[in-house]
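The values are calculated or read from the model by the stated rules, or taken from the named source; none is laboratory data. Since the model is a prediction, treat every value here as computed from it, not as a measurement. Please note: Cβ atoms are built from the backbone with ideal geometry, for glycine as well, and neighbour counts cover all protein chains shown. Accessible surface is based on the protein model in full, side chains and every heavy atom, while ligands, DNA and RNA are left aside. Shrake-Rupley method; radii C 1.70, N 1.55, O 1.52, S 1.80 Å.
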Amino acid sequence: MKANRFEKFKKSGESMLGKVKNVTDQAKQSKIRMQNPIKSVGLKLFLIIFLSIVLFVIVVGLLGYNTSKNIIKNKVANSSFETIKQANGKLDLMLNTYSQLSLQFMLNTDMNALFTSILSGQGDEYEKLTTQRTLTDSLNNYLFSDNNIISIQLFLENGKVISTGISTGGSLPTFEEIKQVPWYIKTHEADGKVTWLPTIAEGYSNTRPSFALARKLVNPISSIEVGVVLIELKTEALSEQLKGIAEGGNHLFMIDADQNLTYADEAANITLPSKIKLPDGNDIHYHESTGQYDEEALIAYDKSAITEWNLVGTYPIDTLVEDANEILRQTFIIALLAALVAVGIGFIVARMIGRPLVQLRNLMKEGEQGNLQVRTNIRSKDEIGQLGQSFNEMMERITILVKQTNHSAQEVLVNAEELLDSSKRTALSAKEISVATEEIAGGASTLAVEAERGNDLTNHIGGQMLQVVEANLQMGNSASEVRRVSEQGIEYMAQLISKTSSTEKMTRSMVEKVDKLKESTNSIRKILDVLSSMTKQTNILSLNATIEAARAGAAGKGFMVVADEIRKLAD
């Protein structure tokens, strides 16, 4: 008995060592898993606090920056449009004076008289030369009274060209060449209205870049067409009116109807195609777009009521929002400070919460490995302190429960020994009963085997008989079906022989009828040959009778009638 108990305790000790080893391995693996910093509560709290503070500061700063940026752009847009509008008004006022000047050429009585004299061609050469000189002097007076006028040219209807202010070594185009120029044709079609001509690189008098206006002159009294006047103006006239507007990186342009630069604050860009695309519609006065120099800019524009050209001002957005960039810079500084503060707050929170949790985790690990004497020393009054107190109470209760379990295990061991003795006695009795039972079972099994063999033979014979009966039934059914099919085949053969005989009789009858038809056809052909011969003879007799009647003259008319009737009969 003592040896058995020793063996049991030995096995129990080995089992406990195995369990302790498994628990130790599991604890090591669990410790490795718990040491992952990404899954740490303290790190999560730190990241939440850090990101919340920093993102909030950045979002507020960027919203403030964008708001101030939009406010600045709107204020500048409104003020720039007003500036462009006022500048365009000044240009219209100046250009209107030249429009009125061209109108004076048509309304001036003295000049109209000179026009009429030149067009009429009256007087000798001296008088014509004097009249032309007088007209040239009048034009020079207008030319010298305004420094912005480069030249004044008159293209009269009689082919004469009177020019003032032109000093070039090259030859001027003839009147016939001028008449083919697009601006001249356009001026003629305008029927007395001013046509504004955009700036061209070589000018309208082969001098320098200039713009001009042209008007068709008509005598207001006689309504006779005088010709076309062309007033060529310096581009500096536009510069003087727009001085001081394009400053600080801003640019100013005037775009004609063909989208070319009639004026630019940089002279090298004048006459070049405009890169600025203005939106459609007259209710839009400014928009953001790519400027002349491929930079993001605010574009304000206004159309001239005189020339219908657009005065355009571009204001680089980077320059406009330069002051707002200070807000963005301060935003990033505050965000950096907020990040530092968030790091400090996160570290404190992680230390206040994460450190006690790590301590509790380590104590639980020791308890898991079997050390039930571990206790926490957390004394705070918050939830973590309450958690530590609950841990201590839990370990006390687990210790009491383990002691009770050990006491119960001792009592179970004693009862197990008593049960083992009873089991041995019961096993001995069961062995004797088993021997007797085996002898009885041996005789019963032999008898059962023989009975089972007879039953199998009987079942086998019965199955064979059933198969024979089923085969006989199938043979009877097959024989009946063969007889029925044979009778039906005999009936079909009789019908086939009867129909074949009938067909043979019909074929023979048809052959006989065809032979008879052939003979009848030959007889009809002979009759037709006789009739044809008779017809020919009758026609010959009728012809002879007609000839004889014709010879007889009046006495043969009756015979001729008879001959006609015979011919008709033959037909």
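What the table shows:
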| read-out | value |
| --- | --- |
| Number of the condition not met by GLY367 [criteria: (1) open to solvent by less than 90 Å² (accessible area, probe 1.4 Å); (2) modelled with pLDDT of 70 or more; (3) in contact with a Ser or Thr (Cβ under 8 Å, 6 or more places away or on another chain)] | (3) |
| Pairs, first over 19 Å from GLN104 (Cα atoms) in the range 117-141, second open to solvent by 40 Å² or more (accessible area, probe 1.4 Å) and assigned to a helix (DSSP H, G or I), C-beta under 9 Å, six or more apart | GLY121/LYS128; GLN122/LYS128; GLY123/SER117; GLY123/THR130; GLU127/SER117; LYS128/SER117 |
| Selected residue (only one of LYS526, LYS516 is of a type in the set (D, E, K, R), open to solvent by 100 Å² or more (accessible area, probe 1.4 Å), under 30 Å from LEU569 (Cα atoms) and at pLDDT 80 or above) | LYS526 |
| Condition met for LEU156 (more than 60 Å from the chain's Cα centre (by Cα) and either open to solvent by 70 Å² or more (accessible area, probe 1.4 Å) or among the small types (Gly, Ala, Ser) (or both)) | no |
| Matching residues in the range 105-150 - criterion: being outside any helix (DSSP H, G or I) and either of a type outside the set (D, E, K, R) or surrounded by 17 or more Cβ atoms within 10 Å (Cβ to Cβ) (or both) | ASN108, GLY121, GLN122, GLY123, SER145, ASN147, ASN148, ILE149, ILE150 |
| Tally of residues being open to solvent by less than 50 Å² (accessible area, probe 1.4 Å) and acidic (Asp, Glu) across the range 71-102 | 1 |
| Those residues of the range 187-226 which are touching a Ser or Thr at 6+ places or on another chain (Cβ under 7 Å) and part of a strand (DSSP E or B), in sequence order | THR195, TRP196, PRO198, THR199, ILE200, SER210, PHE211, LEU213, ALA214, ARG215, LYS216 |
| Subset of the range 232-273 [over 40 Å from the mean Cα position of the chain (by Cα), open to solvent by 60 Å² or more (accessible area, probe 1.4 Å) and acidic (Asp, Glu)] | GLU236, GLU240, GLU247, GLU266 |
| Selection within the range 80-99 - in contact (Cβ under 8 Å) with a residue 24 or more places away in the chain, farther than 17 Å from SER151 by Cα and in contact with a strand residue (DSSP E or B) (Cβ under 9 Å, 6 or more places away or on another chain) | SER80, PHE81, THR83, ILE84, LYS85, ALA87, ASN88, LEU91 |
| Residue satisfying condition, being open to solvent by 80 Å² or more (accessible area, probe 1.4 Å) and over 19 Å from LEU63 (Cβ atoms), within set ARG355, ARG361, ARG329 | ARG355 |
